[in-house]
Amino acid sequence: MRTFEFSDRTRALNLEKMQSQQFDVLVIGGGITGVGIARDAALRGLSVALIEKSDFAGGTSSKSSKLIHGGLRYLEKAQFKLVFEALRERHLLQKMLPQLVGPIPFLLPIYRSGRINFFKMAAGMWLYDALSLFRCPKLHSTFFKKGILQKESFLSLEGLQGGFLFYDCFTNDALLTLEVARSAHQEGAVLANYVRLIGFDKTDNQIKSARVQNGFTTEIFSIQAKYFINATGPWSEVVQKFSSGVCSIKLRPTKGVHVIFPRSVIPVQHVVTLQARDGRFIYLIPWGEHCLLGTTDTDYHGSGGVENISATREEVDYLIESVRRYFPRSSLSDSDIISTYAGIRPLVHEEKNTEYRISREHQIVKDPSGLITIVGGKLTTYREMAKEAVDLISDQPCITDRKPFVPRGMDSAYAHTLSERRLESFIQWGMAQTLSDVMVRRTEVFLKAKDQGISSVPEIASYMARRLGWSQLRLRQEIEAFKQQVMLSKQFLLKAC
């Protein structure tokens with residue numbers, strides 16, 4: 001099978017195409033939903049352009065818990081359709097992208113002090129397997145106290161009744177998004193990162209073109225299309241205001257924070273589902289030699305928008321306290337934390353819901369100006385969301401549930417080490433444009449390296465400067481921008497004194 005270059009040269013050619021062609025559809029937003037829409041539309045024979053103001057997966061799509069799952073907790077709210085859909089998509093993703101989506105065991109311990117009833121959860125586990133049509137990696141198992149402690153010996157003994165072992169899947173969310181973007185490109189979609197929407201041009205109150213700006217040259221140009229789809233997540237309201245001056249969807253953005261630390265601190269063998277004091281479920285996820293802990297889920301009212309958000313002292317303490325309740329012998333503290341990250345989820349507003357109970361169901365609306373906006377949903381169900389959006393503009397059937405992904409040319413080794421060969425791979429096959437693209441999203445250096453990659457920055461940045469033709473000013477700006485990312489990751493420590 002052919003592989004397709006997806007590089008800085010590709011981006012340059014695509015920018016020329018965007019200025020000279022009229023497209024069937026312009027997708028605004030290069031997160032998982034946007035690139036999913038681009039791939040679906042291209043596979044239906046539509047001419048497609050996609051712009052992303054930063055990097056692919058630069059927003060919410062790289063800030064998840066990295067789980068592909070059905071959402072066991074939604075059974076409590078009787079959201080059976082949502083769970084069924086997510087479990088179906090889990091099965092499809094595992095089958096179509098096994099190199100990125102793989103099974104991982106979950107352990108759900110049950111305590112007397114918790115709000116979860118052991119026998120009610122036992123019934124829920126059978127329902128979870130049934131809703132997957134029993135196409136789960138493995139059927140669940142039930143354990144009493146002794147059996148659970150054999151699985152995770154460091155768990156608290158006080159009030160422990162038993163628990164359940166079941167399977168969902170784990171992924172690298174940023175690389176999953178990039179893989180879908182590359183596949184969209186292979187199917188003929190014209191994609192470019194670092195292109196910002198600045199407005200729309202209308203005729204008779206109908207959008208005819210989008211005015212955009214190249215993020216590296218500040219050049220402004222227009223992209224003509226028949227349809228325009230807003231898949232910008234937390235920025236959806238901003239794009240809607242460009243279109244009509246009002247927002248037809250009311251978002252309730254929530255903030256999710258994760259922390260990463262060495263697995264030696266708490267040597268778990270499974271994803272352990274923890275219940276915080278406020279009832280929210282938190283996951284302690286083994287990730288190679290590290291653990292990923294998250295997430296918080298609180299209403300976000302940031303006055304500065306959704307750019308450059310970071311974990312707060314209170315949020316990190318909330319996660320640490322939750323772990324200590326379940327693992328009292330754990331010594332987890334600030335000194336163990338290698339990195340943190342925070343993201344905003346663009347959830348659809350629902351009255352009378354606490355933050356962690358807000359539904360992940362998506363919503364699609366079409367404004368009088370013709371702009372189609374899609375919000376909500378979750379990483380797992382991106383393909384179904386894309387299908388519903390493209391159904392609005394195409395009569396052709398969706399084939400993304402059976403169209404295989406072409407093997408990528410990008411290096412498949414995702415360890416947090418780098419070589420010149422791997423760097424070239426990210427540039428040639430992953431359209432990496434900035435230092436942060438490589439350090440934060442194409443690799444795990446930022447998340448897992450003890451110094452978050454600071455010591456390797458000079459060598460990596462110098463290679464990228466030579467390869468991409470950066471000026472000395474651009475080189476300094478790239479290094480400073482990455483250092484700012486590291487500072488945001490450590491921001492919670494500033495209030496520790």
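The values are calculated or read from the model by the stated rules, or taken from the named source; none is laboratory data. Since we're looking at a predicted model, the values are computed, not measured. Cβ sites come from the backbone with ideal geometry, for glycine too, and all protein chains shown count toward neighbours.
Residues considered: LEU131, LEU149. Of these, the only one that is on the phi < 0 side of the Ramachandran plot, touching a Leu at 6+ places or on another chain (Cβ under 6 Å) and either surrounded by 14 or more Cβ atoms within 10 Å (Cβ to Cβ) or charged (D, E, K, R) (or both) is LEU131.
When ALA432 is tested against (1) touching a Gly at 6+ places or on another chain (Cβ under 9 Å); (2) farther than 22 Å from ILE338 by Cβ; (3) at pLDDT 95 or above, only condition (1) is not met.
Among the residues of region 294-306, not a single one is in the same structural domain as ARG112 (by TED's automatic domain parsing) and modelled with pLDDT of 95 or more. Does ILE320 fit the bill of being in a loop (DSSP other than H, G, I, E, B) and surrounded by 13 or more Cβ atoms within 10 Å (Cβ to Cβ)? The answer is no for ILE320. Does SER156 count as among the hydroxyl-bearing types (Ser, Thr, Tyr), touching a Phe, Trp or Tyr at 6+ places or on another chain (Cβ under 8 Å), more than 30 Å from GLU89 (Cα to Cα) and not in a strand (DSSP E or B)? In short, yes.
Cβ-Cβ contacts under 7 Å between residues 6 or more apart (or on different chains), taken from a first residue in region 88-99 that is in contact (Cβ under 8 Å) with a residue 24 or more places away in the chain to a second residue that is among the hydroxyl-bearing types (Ser, Thr, Tyr) and surrounded by fewer than 20 Cβ atoms within 10 Å (Cβ to Cβ), are listed as GLN99/SER412.
Within the bounds of region 182-201, is there any residue that is under 30 Å from ALA123 (Cα atoms), surrounded by 22 or more Cβ atoms within 10 Å (Cβ to Cβ) and either in contact (Cβ under 8 Å) with a residue 60 or more places away in the chain or assigned by TED's automatic domain parsing to the domain that holds ILE37 (or both)?
For region 182-201, residues under 30 Å from ALA123 (Cα atoms), surrounded by 22 or more Cβ atoms within 10 Å (Cβ to Cβ) and either in contact (Cβ under 8 Å) with a residue 60 or more places away in the chain or assigned by TED's automatic domain parsing to the domain that holds ILE37 (or both): absent.
Criterion applied to THR142, THR171 was being among the β-branched types (Val, Ile, Thr) and crowded, with 21+ Cβ neighbours inside 10 Å, and the one residue passing it is THR171. The residue pairs whose first member lies in region 313-324 and is assigned by TED's automatic domain parsing to the domain that holds LEU293, whose second member is of a type in the set (Ser, Thr, Tyr), and whose beta carbons are closer than 8 Å, counting only pairs six or more residues apart or on different chains, are GLU315/THR296; GLU315/THR298; VAL316/THR340; TYR318/THR296; LEU319/THR296; ILE320/SER333; VAL323/SER330; ARG324/SER330. PRO267 meets the conditions (1) crowded, with 18+ Cβ neighbours inside 10 Å; (2) under 27 Å from GLU444 (Cα atoms) in every case but one. The failed one is (1). Picking from residues in region 56-88 that are part of a loop (DSSP other than H, G, I, E, B) and touching a Gly at 6+ places or on another chain (Cβ under 8 Å), the one that is surrounded by the most Cβ atoms within 10 Å (Cβ to Cβ) is PHE56. Answer yes if at least one residue in region 51-66 is closer than 15 Å to PHE166 by Cβ and within 18 Å of the chain's Cα centre (by Cα), and no otherwise. Within region 51-66, none of the residues are closer than 15 Å to PHE166 by Cβ and within 18 Å of the chain's Cα centre (by Cα).
Test ALA42 against the stated conditions and say whether it is assigned by TED's automatic domain parsing to the domain that holds ALA225, touching an Asp or Glu at 6+ places or on another chain (Cβ under 6 Å) and either without any contact (Cβ under 8 Å) to a residue 12 or more places away in the chain or part of a helix (DSSP H, G or I) (or both). Against the criterion (assigned by TED's automatic domain parsing to the domain that holds ALA225, touching an Asp or Glu at 6+ places or on another chain (Cβ under 6 Å) and either without any contact (Cβ under 8 Å) to a residue 12 or more places away in the chain or part of a helix (DSSP H, G or I) (or both)), ALA42 qualifies. Taking the numbered list (1) surrounded by fewer than 21 Cβ atoms within 10 Å (Cβ to Cβ); (2) assigned to a strand (DSSP E or B); (3) modelled with pLDDT of 95 or more in turn, TYR341 passes all entries but (1).
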